[in-house]
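Some notes on the structure that comes next.
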Amino acid sequence: MLRLALICSLVGIIALFFISERIEIKEKNINEINKDNIGEDIKIKGIVSKSTDKGKIILLDIVQPETITIVLFKDSDFNISTGTKVEVTGELDEFNGKIEIIGNEVNILN
């Protein structure tokens, strides 16, 4: 019985690994985001209009021409210049009535 449970668990973990590889986060424009999307994972592309280092977090304002704030929790030295084109993946959240993205990944685009 224990052997069967271990085999089923292992097969389930392997299946989840392959399924997660196929999941793709949809890219959205800032003007498509609203409070109904809070909690969703999204991807946006835009240009950094402002970067503010607050110690343990960095706030990035991304423009598409609409603007949204990205909150990044620092775990290493991170420096990004105004005018840099980026792709951000993260979760939509609301803070003080304003929609923002809690960033999980930031890629610099050419």
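The values are calculated or read from the model by the stated rules, or taken from the named source; none is laboratory data. Keep in mind that what you see is a predicted model, and the values were worked out from it rather than measured. Because the Cβ atoms are built from the backbone with ideal geometry, glycine has one as well, and the counts that use them run over all protein chains shown.
For every residue, the table says whether it meets (1) loosely packed, with under 15 Cβ neighbours inside 10 Å; (2) of a type in the set (S, T, N, Q); (3) modelled with pLDDT of 95 or more.
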position: ILE33; (1), (2), (3): no, no, no
position: GLY39; (1), (2), (3): yes, no, no
position: SER51; (1), (2), (3): no, yes, no
position: GLU66; (1), (2), (3): yes, no, no
position: ILE70; (1), (2), (3): no, no, yes
position: ASP75; (1), (2), (3): yes, no, no
position: SER81; (1), (2), (3): yes, yes, no
position: LYS85; (1), (2), (3): yes, no, yes
_Can you tell me which of (1) in contact (Cβ under 8 Å) with a residue 12 or more places away in the chain; (2) in a loop (DSSP other than H, G, I, E, B) is the one SER76 doesn't meet?_
(1)
*Kindly provide the set of residues from the range 79-110 that are part of a loop (DSSP other than H, G, I, E, B), among the polar types (S, T, N, Q) and farther than 12 Å from ILE62 by Cβ, ordered by number.*
ASN79, SER81, ASN96, ASN110
*Would you pick out the residues in the range 27-62 that are part of a loop (DSSP other than H, G, I, E, B) and closer than 20 Å to GLY97 by Cα?*
ASN29, ILE33, ASN34, ILE38, GLY39, GLU40
_ASP93 being closer than 24 Å to GLU24 by Cβ, surrounded by 12 or more Cβ atoms within 10 Å (Cβ to Cβ) and at pLDDT 95 or above_ = yes
